[in-house]
1. What residues of the stretch 140-163 lie in the reach of a label at Trp43, counting those whose backbone N is under 17 Å from a point 7 Å from the Cα along Cα→Cβ?
2. Of the options Ile297, Leu337, Val124, report the single residue whose Cα projects farthest towards the positive end of the charge dipole of the stretch 42-398 (beta-carbon charges: Lys, Arg +1; Asp, Glu -1).
3. Taking the Cα centre of the stretch 51-124 as the origin, how large is its charge dipole in debye, to the nearest 20, when only Lys and Arg (+1) and Asp and Glu (-1) carry charge on their Cβ atoms?
4. If we count every other residue with Cβ under 13 angstrom of Arg239's Cβ, Lys/Arg +1 and Asp/Glu -1, where does the sum land?
5. Equivalent-ellipsoid semi-axes (√(5λ), Cα gyration tensor) for the chain, whole Å, largest first?
6. Assuming R0 = 45 Å, can you tell me the calculated FRET efficiency for the pair Asp517 and Thr268, based on Cβ-Cβ distance, to the nearest 0.05?
7. Is it possible to state the helix-based mean residue ellipticity at 222 nm for the chain, with each DSSP H run of 4+ residues giving -39500 (n - 2.57), the sum divided by total residues, to the nearest 500 deg cm²/dmol? What is it?
8. What is the local net charge at Gly494, summed over the other residues whose Cβ is closer than 15 Å to its Cβ (Lys, Arg +1; Asp, Glu -1)?
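Read the figures in this text as sums done on the coordinates, not as results from a lab. Only a predicted model underlies this, so the values are computations on that prediction, with no experimental measurement involved. Methodologically, a virtual Cβ is constructed for each residue, glycine included, from the backbone with ideal geometry; neighbour enumeration extends over all protein chains shown.
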Amino acid sequence: MGHRIYRRKTVGDEQASGIGSTSSPPVATPKATRWPLMPVGRWLVISVLLCLAFGLAARIWIFMGGLGDVNADEALVGLMALHLLEGEWSTFFWGQSYGGTIDVILLAPVVALLGVTRMTLQVVPFLESIIATALVWAVSRRILGPGGGLTAAAVFWTFPAASVWWQTRQSLLYLPVVILGLVIVLCAQRIAEDSAPERSWLILGLAAGLGWWTSPQILYFLLPGCLWLLWKRPESVLRSGWVAIPAFVLGAAPWIITNVVDGWVSLTNIPDATDGPWERLIALVSGGMPMALGLYIPFHETWIAPTVGPILYIVGLAALILALALRRSSGAVHLWLLLAFPVLFVLIPAAAYVGSGRYFFFLAPSMAITLGSLARRDTGRSILLAATTALSAVGLYQMRDLPISFVPEVEPLVEVLEDSEVDHVVAGFWLAYKLTWETEEAVIASPTGVNRYPPYTDEILGADSIAYVYNLYEQSQKDNADVLREALGEMRIGFDEITTSNGYAVFIPDRAVTPDDVPSSALPMP
């Protein structure tokens, strides 16, 4: 008697063969519309690649042009890296009780390798922008799938113009906060998926601690991310959340140690708010959100198109509301970030100024994911990428003449100082640290007003010869120069006055004249 052979048939087998299924066999996707080994359409991949190329070209254009000029704040980061190479390290940005120096640590070996050049300050932000984009992809693909993840990452890489520009700046804390914030969000997603929760809690705590040291702005990611996780997986928070605490303490150790030694200066030396919550809400709606949607030009604080811009803003807000409505049932983490941002922005006084767009860079990841969720098909995603890239191209073009460094080039000034054998200078803030950086401290310049590094001032006060430099393009500094000329005449001190070809007035007294020797109105103010 023969034996019957039984074969276990899976659902996939039945669907593939069409046997045992009451539904018609699935229609295979034509090969022409898909890239091999990739679960997204060919035209979407092409669109993403074009966006990546645009983002790279835009960064090179920024680096090479006026938008890539180095300003005093960035020069200070470079000077801190120079001092780190000599063994001097500061927990915070010089002259502040906040602004952790992770980027200084990363920049120091670049300075050692490349020296003091314009490109030196651009290397770390460029690499960090790539990492941030990859993290946006890692977070968004868990929410939107492969196609949506690529779309959101491409949007972040290219949009809006203000965000693209801030991704090229050595601004010390903005890119590190975004990277660490996205690590927190990604770990929260992994914990919610029950994927190695203890290890994810450890990384989350470490990223949160490093973020807190870097800037309290990490709350834009930490607070909604943790609240979302508490809502999503309360049992994991109660069971394993304690693992994050020692990791947080480790990451925040520089902040904690410095504050214990200095009397909790980060909590007591807080800048006073210049406006209230209502004023910050108005600034958010009238300037910040239009800038986050690529419709408002930073610093200029104008619409990209005076007539069309406000209309597009209304359309953009409607699109965000639609995205929130479509995804409200999913409870996706990016929605929590998006909704938490305006609340925290209104409550955090230090984030009130919207003109530069820097605080809205923290909104860029959740904005990119939200925009990426608007399109469900590859055709719509390609159209979205084309629209956001076009807006960025227009915005960057209109930003091309921004006075990024706020002062003319320093090369003609350096030549005058070298010819006059003077290497100690009193100047305005925006010139002083830029001059010190670009001469690799061959010239020591210290500003009047905001003094980030007192040892420079101490060295100038002990110098045999001190030059006073004024930017004649600033009317206030022209007036300051007139007062100095008159004061030196009244003190019967001779001086040389030299004007460079690009608008610097250099006063070199015959003997050392300190800032305390002249009226305050004679000093070159920023």
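1. 147-148, 151
2. Positive-end residue among those listed: Leu337.
3. I would put it at about 240 debye.
4. Charge balance in the 13 Å sphere: -2.
5. The answer is 52, 26, 21 Å, longest axis first.
6. The value I calculate is 0.85.
7. Here the helix-only value at 222 nm equals -18000 deg cm²/dmol.
8. Summing Lys/Arg as +1 and Asp/Glu as -1 gives -3.
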